[in-house]
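Below you'll find the structure, written out as structure tokens, and then a few comments.
The values are calculated or read from the model by the stated rules, or taken from the named source; none is laboratory data. The structure presented is a predicted model; accordingly, all values stated were derived computationally and were not measured. Cβ atoms come from the backbone with ideal geometry, glycine included; neighbour counts cover every protein chain shown. Side chains are part of the model used for accessible areas, which takes the heavy atoms of the whole protein and leaves out ligands, DNA and RNA. Shrake-Rupley method; radii C 1.70, N 1.55, O 1.52, S 1.80 Å.
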Amino acid sequence: MLEVKDLTVEVDRKTILHNVNLAIDAGETHALLGPNGSGKTTLLMAIMGMPRYRIKKGQVLFQGKDITKLSIDERARLGIGLAFQRPPAVRGVKTRQIVELCLGEKNAKKVEELARKLNLAAMLERDVNQGFSGGEIKRSEMLQLLAQNPSFAMFDEPESGVDLDNIAVVGEAINEILQKERIREKKKAGLIVTHTGHILDYVNADRGHVLMEGTIVCEGNPRDLFADIRAHGYEECVKCRRC
Amino acid sequence: MSKVLNKTLAKNKIEWRRKAEAVKSKPATFGPDIDLSKFATPTEKEKVESLESLSKQAKEAALYVGIDADESFRAGSYFQIDHSVIYERVQQAYQGQLEIMSTSEALERYDWVADLWWQAVHVDQDKYTALAELKHTHGYFIRVFKGQKIERPIQACLFLAENNISQNVHNLIVIEDDAEAQIITGCTLHPRVEEGLHVGISEFFLGKNASLMFTMIHNWAENFDVRPRTGAVLEDNATFVSNYILLRPVKSIQMFPAAFLKGKDSRARFNTILYGMKDSYIDVGSKAVLSNKETKAEAIARAVACDQSQIYARGQLIGQVNESRAHLDCRGILFSSEAQIRAIPELFAEKAPLSELSHEAAISPIAEEEVEYLMARGLSKEEAVSTITRGFLDIDIPGLPPILKGYIQRVLDAATKEAL
Ligand SMILES: Nc1ncnc2c1ncn2[C@@H]1O[C@H](COP(=O)(O)OP(=O)(O)OP(=O)(O)O)[C@@H](O)[C@H]1O
Ligand SMILES: [Mg+2]
């Protein structure tokens, strides 16, 4: 469903990602691991088409189509969604408004139901992300993605700053967005950035990738990868690449 | 009785006229000077039985400034075309709770009206106040009786139907002790009017515990000049909220409405929305004078400048006593490389070390990051920018007819699209 080919990305004239390759099939969920500053957010932003993250080389393919030159909204309308790590507050725009925009006119009535699911009913009349707590921000991102219903969803550290009870809520939302409960005809795909791995206790990931200094250095079963990283730290991954 | 009364009035009038004559050619402190000699005298207009009987064009123009010819959601209405008062009515359900008439009539009817006349605005401020005195052409008198809480808005329309005249109204609004009301004033033109001048004096008097939400919406034309002069005097625990909205081009508008917080615990809030288009010259401020304990004022302004427009957003907070607090918040966005915005906040603590005055002013483009965030949710760039701009200008004002809200959105959408 999504394929990243030989991607090199720069931010403010500094190259952050080097020749990254990644392929995610329909029905799959991948985890992206890596230390702070390794380029995880950069990769997601580049896939979403954020102009600040300039693609120097390589391609992004979605459902077989080259989307490297498409604008953010064109990608969103094709079915790509992103739950931001640190979304901006938008003064004057109500959470209800943005969720309704995501839902589209036909489904606009579902706002309340979705908001209740994420314990955000009280936040609907507040400006998006304005003065939201860390956990509220993450749940508001989930709410927007649920409403948007993308076929390929990316989650940038969905669990950071979220307490244990709410991680379960966030995990459930991710499962719903990715239709994890389905046994057959799984059509959606996901990419979850995490460096604690906690979210993987709630959401099952099929494959993991480790990103270090802008390069994918290791791939495998996400649980195994995490077990290794917990035991030996990310340094092992670098060595692993070398060996 | 009326003889004595007329005598006082006549005596006062001599004094007002003398002061007005003295400043007949005194330009205003701000804004371009206007040649007052070029305006003609309009013809008298007939009274109408109901607002529904107005022409379609007049009704539509009025609607866009918040004036609903279908009065079922209004407590009462006043309608003036050029120099003629064509309609004034208090709805059946509100009879005895408030009164509406022209100020010329009120001056004749009540001797105390002359005592309030020119008390919140100085007659000798400049040539425009002088013009309003020397060539006074009515204006509305709205009085809400003691203790009455009027839940539906009262509407007043000042309408220009003839080209090249000056409308010099003087309004007086009295909200008596413990009374509450909302007033929507719409000032606008017949589509055929291109040039002219509107001078509007508005004096507000709010009694103890009185509360007023005043909303003024202006729709003018590219060659039209506007010079309102506004003052509000607040007694103990009174609340004055003043909303001002300008969404259409104008040649020039200059005003600096003031709230005088004389009563303990009184509060004032100004919300100003300025949308500069074409060659508009817009100089609008808000001023609060805090002269008693526990007074609070807030002045919020949002300015968007397009095309070659120039906007001056002024604010002046004057703390004269301790334990007074005021804040000014002014933000602007330029949508054109030929437009200008100047935010001029001024704080003046006058021998009151415990007075707290603050301001924040910012002129900046719409944050790219916010636009991109909304685009990631599927909005096009234009939709994202107009959603954010609308949010930027959104100041929740109750009582506006839905059609006006829709209109405000359409104007903003069209203008932001053009700007991109
Ligand atoms: N505007 C910028 N200018 C220069 N460097 C930048 C800019 N934005 C990001 N970077 C750098 O790019 C690198 C990768 O950042 P990125 O946000 O992708 O990391 P990350 O893996 O998501 O980290 P974290 O786990 O902390 O979220 C970092 O070194 C960061 O400082
Ligand atoms: Mg990150």
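Test residue A:9 against the criterion of being more than 10 Å from chain B (Cβ to nearest Cβ), open to solvent by less than 10 Å² (accessible area, probe 1.4 Å) and within 16 Å of ligand 1 (Cβ to nearest atom), and give yes or no. Before you say what the answer is, go through the steps one by one.
On the way: more than 10 Å from chain B (Cβ to nearest Cβ): yes; open to solvent by less than 10 Å² (accessible area, probe 1.4 Å): yes; within 16 Å of ligand 1 (Cβ to nearest atom): yes.
It is true that residue A:9 is more than 10 Å from chain B (Cβ to nearest Cβ), open to solvent by less than 10 Å² (accessible area, probe 1.4 Å) and within 16 Å of ligand 1 (Cβ to nearest atom).
Identify all residues within segment B:78-90 that are of a type outside the set (Lys, Arg) and surrounded by fewer than 24 Cβ atoms within 10 Å (Cβ to Cβ); write none if there are none. So that I can check it myself, show each step before the final result.
Initial filter on segment B:78-90 (of a type outside the set (Lys, Arg)): B:78-88, B:90.
Selection gives B:81, B:82, B:83, B:84, B:85, B:86, B:87, B:88, B:90.
From the list A:189, A:168, A:173, which residue is modelled with pLDDT of 90 or more and closer than 20 Å to residue A:23 by Cα?
Numbers: A:168 fails: closer than 20 Å to residue A:23 by Cα; A:173 fails: closer than 20 Å to residue A:23 by Cα.
Testing whether each residue is modelled with pLDDT of 90 or more and closer than 20 Å to residue A:23 by Cα leaves just A:189.
Quick check, is residue B:329 within 14 Å of chain A (Cβ to nearest Cβ), surrounded by fewer than 23 Cβ atoms within 10 Å (Cβ to Cβ) and touching a residue at least 24 places away in the same chain (Cβ under 8 Å)? I'd like the intermediate steps shown before the answer.
Numbers: within 14 Å of chain A (Cβ to nearest Cβ): yes; surrounded by fewer than 23 Cβ atoms within 10 Å (Cβ to Cβ): yes; touching a residue at least 24 places away in the same chain (Cβ under 8 Å): yes.
In short, yes.
Would you be able to say whether some residue in segment A:90-98 is away from ligand 2 (no atom under 16 Å from the Cβ), in contact with a Pro (Cβ under 8 Å, 6 or more places away or on another chain), within 24 Å of residue A:67 (Cβ to Cβ) and open to solvent by less than 70 Å² (accessible area, probe 1.4 Å)? Before you say what the answer is, go through the steps one by one.
Here is the first cut: in segment A:90-98, the ones away from ligand 2 (no atom under 16 Å from the Cβ) are A:90-98.
Okay, now just the ones that are also in contact with a Pro (Cβ under 8 Å, 6 or more places away or on another chain), so none.
Checking segment A:90-98: not a single residue is away from ligand 2 (no atom under 16 Å from the Cβ), in contact with a Pro (Cβ under 8 Å, 6 or more places away or on another chain), within 24 Å of residue A:67 (Cβ to Cβ) and open to solvent by less than 70 Å² (accessible area, probe 1.4 Å).
Of the conditions (1) under 18 Å from the mean Cα position of the chain (by Cα); (2) at negative phi; (3) in a loop (DSSP other than H, G, I, E, B), residue B:124 satisfies every one except a single condition; which number is it?
(1)
Taking the criterion of being open to solvent by 10 Å² or more (accessible area, probe 1.4 Å) and small (Gly, Ala, Ser), would at least one residue in segment B:259-276 satisfy it?
Within segment B:259-276 (the criterion being open to solvent by 10 Å² or more (accessible area, probe 1.4 Å) and small (Gly, Ala, Ser)), the answer is no, since none of the residues qualifies.
Please verify whether residue B:248 is open to solvent by 20 Å² or more (accessible area, probe 1.4 Å) and basic (Lys, Arg), treating the condition exactly as stated. Write out each step before concluding.
Numbers: open to solvent by 20 Å² or more (accessible area, probe 1.4 Å): yes; basic (Lys, Arg): yes.
Here the answer is yes, as residue B:248 does meet what is asked.
Tally time: how many residues in segment A:141-158 are out of contact with any Ser or Thr (no Cβ under 7 Å at 6 or more places or on another chain) and in a loop (DSSP other than H, G, I, E, B)?
Going residue by residue through segment A:141-158, those that are out of contact with any Ser or Thr (no Cβ under 7 Å at 6 or more places or on another chain) are A:141-155, A:158.
Imposing the further condition that a residue be in a loop (DSSP other than H, G, I, E, B) reduces the set to A:149-151, A:158.
Result for segment A:141-158: 4.
In this structure, is residue B:214 open to solvent by 20 Å² or more (accessible area, probe 1.4 Å), of a type in the set (Phe, Trp, Tyr) and either modelled with pLDDT of 95 or more or within 28 Å of residue B:20 (Cα to Cα) (or both)? So that I can check it myself, show each step before the final result.
Working: open to solvent by 20 Å² or more (accessible area, probe 1.4 Å): no; of a type in the set (Phe, Trp, Tyr): yes; either modelled with pLDDT of 95 or more or within 28 Å of residue B:20 (Cα to Cα) (or both): yes.
When the stated conditions are applied, residue B:214 does not pass them.
Looking at B:55, B:72, B:37, B:102, which one is assigned by TED's automatic domain parsing to the domain that holds residue B:152, surrounded by 15 or more Cβ atoms within 10 Å (Cβ to Cβ) and hydroxyl-bearing (Ser, Thr, Tyr)?
Working: B:55 fails: surrounded by 15 or more Cβ atoms within 10 Å (Cβ to Cβ); B:72 fails: surrounded by 15 or more Cβ atoms within 10 Å (Cβ to Cβ); B:37 fails: surrounded by 15 or more Cβ atoms within 10 Å (Cβ to Cβ).
Only one candidate qualifies: B:102.
Rundown of residues vs (1) over 22 Å from residue A:135 (Cβ atoms); (2) among the hydrophobic types (A, V, I, L, M, F, W, C); (3) touching a Gly at 6+ places or on another chain (Cβ under 8 Å), yes/no style:
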position: A:168; (1), (2), (3): no, yes, no
position: A:189; (1), (2), (3): yes, yes, yes
position: A:196; (1), (2), (3): no, no, no
position: A:200; (1), (2), (3): no, yes, no
position: A:204; (1), (2), (3): yes, no, no
position: A:214; (1), (2), (3): yes, no, yes
position: A:234; (1), (2), (3): yes, no, yes
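Going by the structure shown, is residue B:260 assigned to a strand (DSSP E or B), among the aromatic types (Phe, Trp, Tyr), more than 21 Å from residue B:28 (Cα to Cα) and touching a residue at least 12 places away in the same chain (Cβ under 8 Å)?
Numbers: assigned to a strand (DSSP E or B): yes; among the aromatic types (Phe, Trp, Tyr): yes; more than 21 Å from residue B:28 (Cα to Cα): no; touching a residue at least 12 places away in the same chain (Cβ under 8 Å): yes.
Answer is no for this residue.
Can you confirm whether residue A:78 is of a type in the set (A, V, I, L, M) and away from ligand 2 (no atom under 12 Å from the Cβ)?
Yes: the conditions hold for residue A:78.
Give, as residue ranges, the strands (runs of 3 or more DSSP E) completely inside segment A:35-140 that count at least 2 residues that are more than 16 Å from ligand 1 (Cβ to nearest atom) and within 14 Å of chain B (Cβ to nearest Cβ). Spell out how you get there, then give the answer.
Working: elements: A:53-62, A:80-83, A:90-94.
Once the strands (runs of 3 or more DSSP E) in segment A:35-140 are filtered for at least 2 residues that are more than 16 Å from ligand 1 (Cβ to nearest atom) and within 14 Å of chain B (Cβ to nearest Cβ), what remains is A:80-83, A:90-94.
Could you tell me whether residue A:47 is modelled with pLDDT of 95 or more, under 30 Å from residue A:224 (Cα atoms) and within 16 Å of ligand 2 (Cβ to nearest atom)? Can you show your working first?
Working: modelled with pLDDT of 95 or more: yes; under 30 Å from residue A:224 (Cα atoms): yes; within 16 Å of ligand 2 (Cβ to nearest atom): yes.
Answer is yes for this residue.
Where the second residue is of a type in the set (S, T, N, Q) and open to solvent by less than 20 Å² (accessible area, probe 1.4 Å) and the first is more than 7 Å from chain A (Cβ to nearest Cβ) and lies in segment B:368-388, which pairs have Cβ atoms under 6 Å and are six or more apart or on separate chains?
B:385/B:416; B:386/B:416
Which one is modelled with the highest pLDDT, of the residues in segment B:380-420 that are open to solvent by 70 Å² or more (accessible area, probe 1.4 Å) and over 30 Å from residue B:151 (Cβ atoms)?
B:381
For segment A:17-40, name all the residues that are within 13 Å of ligand 2 (Cβ to nearest atom) and in contact with a strand residue (DSSP E or B) (Cβ under 6 Å, 6 or more places away or on another chain). Don't jump to the end; show me each part of the working.
The initial filter retains those residues of segment A:17-40 that are within 13 Å of ligand 2 (Cβ to nearest atom), namely A:17, A:32-40.
Result: A:17, A:32, A:33, A:34, A:38, A:39, A:40.
Mind checking whether some residue in segment B:342-361 is among the small types (Gly, Ala, Ser), within 23 Å of residue B:245 (Cα to Cα) and surrounded by 23 or more Cβ atoms within 10 Å (Cβ to Cβ)?
Narrowing segment B:342-361 to residues among the small types (Gly, Ala, Ser): B:343, B:349, B:352, B:355, B:358, B:361.
Right, trim to within 23 Å of residue B:245 (Cα to Cα) and you get B:343, B:361.
Those left that are additionally surrounded by 23 or more Cβ atoms within 10 Å (Cβ to Cβ): none.
Looking for residues that are among the small types (Gly, Ala, Ser), within 23 Å of residue B:245 (Cα to Cα) and surrounded by 23 or more Cβ atoms within 10 Å (Cβ to Cβ), one finds none in segment B:342-361, hence no.
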